[in-house]
Amino acid sequence: MMPLVRLAMLSAWNRRFTLGLMLIAVALSTTLLLGIDRVRHEVRNGFTQSVSGTDLVVGARTSPVQLMLYAIFRLGGATNNISWSSAQKLSSNPAVAWTIPLSLGDSHRGFPVLATNDNYFKFFHYGDRRALRFAEGRHFQTVFETVLGSEVAERLHYKIGDRIVLSHGTSEMNLSDHADKPFTVIGILARTGTPVDKTAHISLEAMEAIHLDWEGGAPLPGMTIPPELVKKFDLTPKTVTAVLVGLKSRAGVFALQREIANEKSEPLMAVLPGVALDELWQVVGIGEKALLAVSAMVMAVGLAGLASSILASLGERRRELAVLRSVGARPADIFFLLSIEGFFVMLTGVLLGVVLLTASFFIFGPFLETRFGVAFRVTLPTIAEFQSLLWIVGAGFAVSLLPGFRAYRVSLSDGLSPRI
């Protein structure tokens, strides 16, 4: 066996340019296969970690998926709001450590507007319990100040000190502007890769202020309250869309969930974000299945390329194999020679693919995390990935048996007889 291995190495070195191209093809296929799998898992983790550290999301009774869609992802709209008194009662519950009220319904040039309070910047976390950070500026302190998500500022080319006008409603068609009450950009959040990036943030009092002279979703005819007079009015919110809740002890989450569900004064529901996001992923996770299909096709194409390359090289090696036969090599030796060669090409290509993927994540990981909020950590292959690599090497070895079997059947005279 060792002489065959040495002979295979010498033969491979003699054809190093051709085999180098095959190694590159196998390495790139492995990198793409593992990369797609890593992206699939990291995107799912990023999706399920759009909010973290929050124990319950409370809103009016609806489906858990719908509640998460409008409260976390700013998609759709709430069928009903919850009263401010219920939100206050929730915050004063002995089991509750903090609450973050959320009020939605307005927009700015296609981006949702979220009204909240200071707790949002203190307690809202995403990903692996990462807190919100300011790229520039600070959080709002007066009524007509706004904090923009990174994508809002980038796409609309806003900077600190710019003035913007909000619009009533979330549809991009037939919007009514709150033109008489512009806001000043006072802060821009660092990129998170979550819906926060696509949101303009204002205070709860600001949401009330811009609607003082509105009723039923339309401005009151002949009535205008200038910005300098809004503080003379009570700006306490009457309703909010949802409330994020953090508990002093997570052990009491189910007890509080039942307590909220049994509330007599108002029909409310509380959902666990992790459970609801898993359910939501089942709805929108068709992309994960598409990535799995792409992974399978990548592996199939890589293996087909390996087989075709070895088969194509047989025509060039007819004389080499015939000479080996003429000096005493048995057909079985030729079979094992090509099989060993295919195995080492596949093994070396897979190892190079792992190195290339690790280097890519090391170099481009910080940029991808900053840009898209998806963390690609440089780690050793997981058990599942290691099993995939073994399957790839095994499949490559099995594919290389086909050229070996074909060479096994080629007669000695076929290689020594010149073709005209």
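Some points to look at:
- Set LEU148, LEU220, LEU204: member being more than 35 Å from the chain's Cα centre (by Cα) and aliphatic (A, V, I, L, M): LEU220
- Residue pairs whose Cβ atoms lie under 7 Å apart, separated by 6 or more positions or on different chains, with the first residue in segment 45-58 and farther than 10 Å from ARG129 by Cα and modelled with pLDDT of 85 or more and the second open to solvent by 20 Å² or more (accessible area, probe 1.4 Å) and not in a strand (DSSP E or B), are ASP55/ARG250; LEU56/GLN257; LEU56/LEU272.
- Selection from segment 121-138 of residues that are under 17 Å from VAL245 (Cβ atoms) and among the basic types (Lys, Arg): LYS122, ARG129
- In segment 94-111, the count of residues that are aromatic (Phe, Trp, Tyr), touching a residue at least 12 places away in the same chain (Cβ under 8 Å), open to solvent by less than 10 Å² (accessible area, probe 1.4 Å) and over 18 Å from LEU268 (Cβ atoms) is zero.
- Count of segment 346-361 residues, restricted to those that are under 13 Å from ALA395 (Cα atoms) and open to solvent by 10 Å² or more (accessible area, probe 1.4 Å), is 1.
- Those residues of segment 112-124 which are open to solvent by less than 20 Å² (accessible area, probe 1.4 Å) and over 14 Å from VAL51 (Cβ atoms), in sequence order: VAL113, ALA115
- Contacts under 6 angstrom Cβ, first residue in segment 61-78 being part of a loop (DSSP other than H, G, I, E, B), partner open to solvent by 40 Å² or more (accessible area, probe 1.4 Å), 6 or more apart: ARG61/PRO267; THR62/THR79; LEU75/LEU69; GLY76/LEU69
- For segment 157-171, filtered to residues that are modelled with pLDDT of 95 or more and surrounded by 14 or more Cβ atoms within 10 Å (Cβ to Cβ), the residue that is farthest from GLY137 (Cα to Cα) is ILE164.
- If the condition is being closer than 29 Å to ALA276 by Cβ and surrounded by 15 or more Cβ atoms within 10 Å (Cβ to Cβ), then segment 211-246 contributes PRO237, THR239, VAL240, THR241, ALA242, VAL243, LEU244, VAL245, GLY246.
- Selection from segment 79-119 of residues that are part of a loop (DSSP other than H, G, I, E, B) and out of contact with any Asp or Glu (no Cβ under 6 Å at 6 or more places or on another chain): THR79, ASN80, ASN81, SER92, ASN93, PRO94, ALA95, ARG109, ASN117, ASP118
- For segment 247-261, the count of residues that are within 30 Å of ALA135 (Cα to Cα), surrounded by 16 or more Cβ atoms within 10 Å (Cβ to Cβ), in the same structural domain as ALA87 (by TED's automatic domain parsing) and in contact (Cβ under 8 Å) with a residue 12 or more places away in the chain is at least one.
- Qualifying residue in segment 174-186 (condition: in the same structural domain as ARG74 (by TED's automatic domain parsing), in a strand (DSSP E or B) and of a type in the set (Gly, Ala, Ser)): yes
The values are calculated or read from the model by the stated rules, or taken from the named source; none is laboratory data. Everything numeric here is computed off the predicted structure, so don't read it as measured data. Positions of Cβ are generated from backbone atoms using ideal geometry, with glycine treated the same way; all protein chains shown enter the neighbour counts. Protein only, heavy atoms only, side chains kept; ligands, DNA and RNA dropped before computing areas. Shrake-Rupley method; radii C 1.70, N 1.55, O 1.52, S 1.80 Å.
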